[in-house]
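Just so it is clear, none of the values below were taken in a lab; they were calculated from the coordinates. Since we're looking at a predicted model, the values are computed, not measured. Every residue, glycine as well, gets a Cβ built from its backbone with ideal geometry; the counts of neighbours run over all protein chains shown.
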Amino acid sequence: MTANYRSVFDIIGPTMIGPSSSHTAGAVKIGRAARKIFVGQFHTVQVDYYESFAATHKGHGTDYAIVAGVLGFKEDDPRVPDAVTIARDRGIKIVFIEHTIPSPIGHPNTAIVTLEGHHEKIKLAGCSIGGGTIEVRQIELLGQRIKLRGPLPTLVCMGPRKNLLLAEEKLKNEHINVLHKRLSKFKYEFIQELNTDKLTPPQTLNKLAQMCSRIIEL
Amino acid sequence: MYQTVADLIAAAERQHHPLWRLVLDQEMEYSKQPEAAIMERMRGQLRVMEEAARKGAAGVQSPTGLSGGDAAKIKRYRENGGGLAGDTMLWAIQNAIATNEVNAAMGVICATPTAGSSGTIPGTLFSLDQRFHYTDDEKVHFLLTAGGFGMITANNAMIAGATGGCQAEVGSASAMAAAAAVEINGGTPRQSAEAFAMAMSNLLGLVCDPVAGLVELPCVKRNVAGAVNALAAADMALAGISNRIPADEVIDAMRRIGKQMPASLRETGRGGIATTPTALKMKMRIFGEDVTNEDDGVVK
């Protein structure tokens, strides 16, 4: 059993604007996850849809949902249905692409979100697995692709190798269990995914941030 | 984390705790939040559910016109003394429809466990509340217990129509509601598990065949089936009836059926009700696309 659903609020929730938890609420979360890994201001949002998302995104409001997430709205924000207009009014260019090939991350509800600014471009490949719960299976930062396990919560930490090991140790001391980890080389440093069984409290995150050059909480 | 219904029931019996208490403890451990914060957050979910049921009963319309106004009709019918099945069931029908109509109209709902099945738990809980007048805390406990069973279902099988059909959405919601209805009315943890198993067994095989791929037809009324089925399963369990096949085995049967279900019957709008002549005309009217009947029944 892979425990994708770790909180009772994954089941009794989210509170959301309809009509579909996987195609609308999950899509908001995919957009918000993409925003978390982008630093600064973006001028272009591109969304690539695969399989069920490619077939039904119009009817389920997936377009406005992903853009709402990218703008940082929550799933139950009344502005969600107007997100595309709001973003365009802010001068953000938005592109939706439907693909007919299978999902590159192997799930029927797949969206790949690309955010582009003047200095940075990131990609996030997410899938919506039901009831508004999502997985993030791949991200792309500074031109390098990083595969992730998928289920959330997960911490993506960057920095020197020994600091990443210290960060992991720190989590252990706080009784946060690491269910899965993957260390890989990233530019001149290392990057480590730490998939946890619990949420990491803000004060612990702050301490981890001091050990790492960058930390992303997905 | 409780991985099976058997684990959950054994822990409740061993610790002499109600099921909601175990789910609450589990959430405290996961979120590192105090009990009061979790209760408060769940009360917030309850408020959203109550507001959606109220709003839907007043009458809402979806942008496509495929759903809306039916909760108001049932409400009038009930208030005029109509009804073959008694007031509790009419309330269940009204609240289930009302919630899903609000969802289709892009209103705010609480996904329990999904948006498509968001009417089933309110249908069950608020109909019983009309008779038994629960306190807020009792209703929050109901949601915790339902959520605990839902987590086990989601982690061992699935809760998305795209992966398991409607049995995974309304079927799961109905089983969760049945288990919680037993507990809130004084049943034992074991009876909750029996109600869960009976409710889920009754809806195994239910396909997801939404017209035009939208969460409206037949989704809104399938939630009525879910809510009414939950009440029946809870009553059977409270009467001492056993499902005979244990809850965890029923969850696994649901998972296997979901795996065997063709893609055309898993939320693609390419089979079942979605490809009836009338449904295809509706799809044409809404999207203006040429649509072909792809109900090939092939397992993909």
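Numerical summary
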quantity	calculated
Residue A:134 long-range amide H proximity, modeled H, under 5 Å	A:129
Cα-projected label distance for residue A:138 with residue A:161, points at 7 Å along beta-carbon direction, nm	2.7
Rounded if a/c under 1.5, otherwise prolate or oblate - the range A:8-148, Cα gyration tensor axes	rounded
Integer Hz, Karplus 6.51/-1.76/1.60 couplings in order for the range B:146-155, x for Gly and Pro	4, x, x, 5, x, 4, 5, 5, 5, 7
Total lysine pairs under 24 Å (Cα atoms) in the range A:8-148, excluding pairs fewer than 8 apart on one chain	21
Under 18 Å from the residue B:35 label point (7 Å along Cα→beta-carbon), backbone N, the range A:1-31	A:8
Residues residue B:239 and residue B:61, FRET efficiency given R0 of 41 Å [Cβ-Cβ distance, rounded to 0.05]	0.50
Per-residue [θ]222 nm for chain B (sum of -39500 (n - 2.57) over DSSP H runs n ≥ 4, rounded to 500)	-20000 deg cm²/dmol
Cβ charges +1 (Lys, Arg) and -1 (Asp, Glu), total dipole of chain A, debye	740
Partner chain coverage, peptide B:210-217 - average Cβ within 10 angstrom	4
For residues of A:75-82, the mean tally of beta carbons on other chains within 10 Å	2
For the range A:153-218, size of Cβ-based charge dipole, Lys and Arg +1, Asp and Glu -1, in debye	240
10 Å Cβ neighbours from other chains, averaged over peptide B:114-120	6
Spin-label model distance (nm) - residue A:46 vs residue B:284, 7 Å beyond Cα toward Cβ	3.7
Shape of the range A:153-218, Cα gyration tensor, a/c cut at 1.5	prolate
Rounded if a/c under 1.5, otherwise prolate or oblate - the protein assembly as shown, Cα gyration tensor axes	oblate
Residue (of B:60, B:127, B:106) at the positive-pole extreme of chain B, dipole from beta-carbon charges	B:60
From phi via Karplus (6.51, -1.76, 1.60), per-residue ³J(HN,Hα) for the range A:96-104 in Hz, x at Gly/Pro	10, 10, 9, 9, 9, 7, x, 4, x
Simple spin-label estimate for residue A:95 and residue B:80 in nanometres, 7 Å along Cα-Cβ	5.7
Backbone HN-Hα couplings from phi across the range B:102-108 [Karplus 6.51/-1.76/1.60, Hz, Gly and Pro as x]	5, 4, 5, 8, 6, x, 8
Chain A - mean residue ellipticity at 222 nm from DSSP helices (-39,500 (n - 2.57) per run, n ≥ 4, rounded to 500)	-8500 deg cm²/dmol
Cβ charges +1 (Lys, Arg) and -1 (Asp, Glu), total dipole of the protein assembly as shown, debye	1240
Ordering of A:79-89, B:139-149, A:168-178 by packing [mean C-beta count within 10 Å, highest first]	B:139-149, A:79-89, A:168-178
